[in-house]
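Laboratory data are not the source of any read-out in this text; all were calculated from the coordinates shown. Just so it is clear, the structure is predicted and the values come from calculations on it, not from any experiment. No Cβ is skipped: glycine too gets one built from the backbone with ideal geometry, and neighbour counts run over all protein chains shown.
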């Protein structure tokens, strides 16, 4: 396994949260068998050896947990954020981008139209139109986490991010 230092630029700014009308349940927030409860080592076992392991810089406060040793495991179809200090700690987040064939909750896939997602998921917790015309929508489970953030370009899903912690 090759280790390379990578910088994460998630670009996930704070979104204005609206009243939720969707009916997604917390257990639906999973991709490729990885969910809020999946330990980091189990995710490694399911996905196999990553193409690349990105280390969050030591001088960083971490993306999700201050002072943690967060690592991004990059696979052909997704990236998974884990804390390598504790093998039993659950996965922190995962992203599915661009040409991935991974199924998202309710059989949504990258490339699907906004109308399909809206029909299957209902009203988003947050729906923000960016200056470049892209749309970023967020679905939260009860209690705020996990969060499921999707980005659309020209009404087509181009990426999804599941934030568990």
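Some notes on this structure:
- Rounded FRET efficiency, nearest 0.05, which uses the C-beta distance separating residue 156 from residue 27 and R0 of 25 Å: 0.40
- √(5λ) per eigenvalue of the Cα gyration tensor, the range 82-141, largest first, Å: 26, 15, 13
- Segments 106-118, 74-86 sorted - mean Cβ within 10 Å per residue, highest first: 74-86, 106-118
- Cα-based convex hull volume of the range 65-165 per residue, rounded to whole Å³: 122 Å³
- Sites residue 113 and residue 87, calculated FRET efficiency, Cβ-Cβ separation with R0 45 Å, nearest 0.05: 0.70
- Projected label distance in nm at residue 127 and residue 99, using a 7 Å step from Cα toward the beta-carbon: 3.2 nm
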